[in-house]
Amino acid sequence: MNTSLNFTKQALLKIEPPKSNRVTYYDTKEKGLTLIVSYGGSKIFYLYKWISNKPYRIKIGNFPDLSVPEAREKAIGLKGQVAKGINPVKEKAKLSNALTFRQLFDKYIQDHAKQHKRSWKQDIANMDRYAPSLYGVKVSNIEREDIQKLFNELTQTGKKITANRLLALLSTIFNKAIEWELLEKNPANHITKHQENSRERCLTLEEQSNFFKALEGEPNHKVRDFILLSLFTAARKSNVLSMSWQDICFNKKIWSILTTKNGRPQLLPLGDKAIEILQVRRQQATTGWVFPSETSKTGHLQEPKKVWARVLKNSGIKDLRLHDLRRTLGSCMGDAGASEYIIGQALNHKSSKSTGIYVRLRATDPVREFMNKAIDKLTAGQG
């Protein structure tokens, strides 16, 4: 069924999806501009145009991501190309055939990741590290076997989780290419991921003494303090690395974390030992960062892999990650009698019981109480 309609935002929003197949709507204001509504609910703008005696349907974009005025403007631009003897469909086909994976990846970062992913810089680092062999390859020439080879190579080095993450990233990029009509199929499809089990590792009671002794003897005091604060706050690594003085309230013993993984800002109560570390560092501060760095682009400390490896070696501890310190404090809080709600507040887990700022403020005192109990238990005999 085809219907003519003056395209407006309100009119298009009111259109209900058909129960089967799809319906085409024609704009009465801009000739050739159409909207195809499918039974799945998608609404997509197209330009219907005869070029060299052949009918073409040229995709413009999705509604409401693309507004009506923007769709009309793009339709006019496509008509202008046709008037100059250019076939936009063939030009796009030429582009997709000549497009290298590096060009596609750059487009993905600029047009999608920067707007929707806080971890886009990590995507670049991972691609540079694990899949640079794809950069010079034309996207149209990349086959499933190429992706499977990368996946297998990472797997053989023991990096099964990394292999899963790379596969997921590649699949997302290729899906975007399909959406942008630069590719017809996703070469990352139908590759079986490794099964992932939830990690339960934390610092054991037997390991704690050697761990603190190794930290006490660590010559890099900045990284030592970073590791201790990671444990004493149970905050995520990225948040501790980017901790700034303007977000620390010493009077109320509160750390305001504005950007978190779940998108909910956190008011994190600081325990006594965390405050002690911060007070010493504050006296030595020369920049706005708690852990400044003169060599990093961000101005603050980046992940200290070498020092962490040295601490583990000196303590004789194996298979412990920085993120496991977060789990360690949560576990110790549970041992100290903290409820799931209190632990969730400390770790900033989403909860339907804590939606208002005043509720979160009132919750800081009991959270701090159990954090102090857990930290005292962890550091017993180390002071």
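In this structure, is residue 198 modelled with pLDDT of 90 or more, over 30 Å from residue 58 (Cα atoms) and of a type in the set (S, T, N, Q)? I'd like the intermediate steps shown before the answer.
On the way: modelled with pLDDT of 90 or more: no; over 30 Å from residue 58 (Cα atoms): yes; of a type in the set (S, T, N, Q): yes.
No, not satisfied.
For segment 310-331, check the following and say yes or no: at least one residue is farther than 19 Å from residue 379 by Cα and assigned to a helix (DSSP H, G or I). Scanning segment 310-331 turns up at least one residue that is farther than 19 Å from residue 379 by Cα and assigned to a helix (DSSP H, G or I). Being at positive phi and at pLDDT 85 or above is a property that residue 62 lacks.
Does residue 175 fit the bill of being under 17 Å from residue 105 (Cβ atoms) and outside the structural domain of residue 124 (by TED's automatic domain parsing)?
Working: under 17 Å from residue 105 (Cβ atoms): yes; outside the structural domain of residue 124 (by TED's automatic domain parsing): no.
It is false that residue 175 is under 17 Å from residue 105 (Cβ atoms) and outside the structural domain of residue 124 (by TED's automatic domain parsing).
Residues that are assigned to a loop (DSSP other than H, G, I, E, B) and under 28 Å from residue 205 (Cα atoms) occur in segment 265-281; there is at least one.
Out of the residues in segment 267-287 meeting the condition of being closer than 19 Å to residue 330 by Cα and in contact with a helix residue (DSSP H, G or I) (Cβ under 8 Å, 6 or more places away or on another chain), tell me which one is surrounded by the fewest Cβ atoms within 10 Å (Cβ to Cβ).
First, pick out the residues of segment 267-287 that are closer than 19 Å to residue 330 by Cα: 267-275.
With in contact with a helix residue (DSSP H, G or I) (Cβ under 8 Å, 6 or more places away or on another chain) added as a condition, the list becomes 267-274.
Values: 267: 18, 268: 25, 269: 23, 270: 24, 271: 24, 272: 13, 273: 20, 274: 25.
That would be 272.
Tell me, which residue of segment 1-23 that is among the aliphatic types (A, V, I, L, M) and at pLDDT 90 or above is farthest from residue 41 (Cα to Cα)? Checking each candidate, the answer is 5.
Answer with yes or no whether residue 241 is within 14 Å of residue 325 (Cα to Cα) and either surrounded by fewer than 17 Cβ atoms within 10 Å (Cβ to Cβ) or at pLDDT 90 or above (or both). Judged against the criteria, residue 241 is not a match.
Of the residues 268, 258, which is in contact with a Ser or Thr (Cβ under 7 Å, 6 or more places away or on another chain) and modelled with pLDDT under 90? Let's see the steps before the verdict.
Numbers: 258 fails: in contact with a Ser or Thr (Cβ under 7 Å, 6 or more places away or on another chain).
Step by step, each of 268, 258 is checked, and only 268 is in contact with a Ser or Thr (Cβ under 7 Å, 6 or more places away or on another chain) and modelled with pLDDT under 90.
Can you go through 142, 124 and tell me which one is surrounded by 15 or more Cβ atoms within 10 Å (Cβ to Cβ), under 15 Å from residue 104 (Cβ atoms) and either in contact with a strand residue (DSSP E or B) (Cβ under 6 Å, 6 or more places away or on another chain) or not polar (S, T, N, Q) (or both)? It would help to see each step written out before you state the result.
Values: 124 fails: surrounded by 15 or more Cβ atoms within 10 Å (Cβ to Cβ).
When all the criteria are applied, what remains is 142.
The C-beta contact set for segment 121-141 (first residue over 19 Å from residue 162 (Cβ atoms), second residue surrounded by fewer than 12 Cβ atoms within 10 Å (Cβ to Cβ), distance under 7 angstrom, 6+ apart or interchain) comprises 138/98.
The values are calculated or read from the model by the stated rules, or taken from the named source; none is laboratory data. All values reported here derive from a predicted model rather than from experimental measurement. Here the Cβ is made from the backbone with ideal geometry for all residues, glycine too, and neighbour counts use every protein chain on show.
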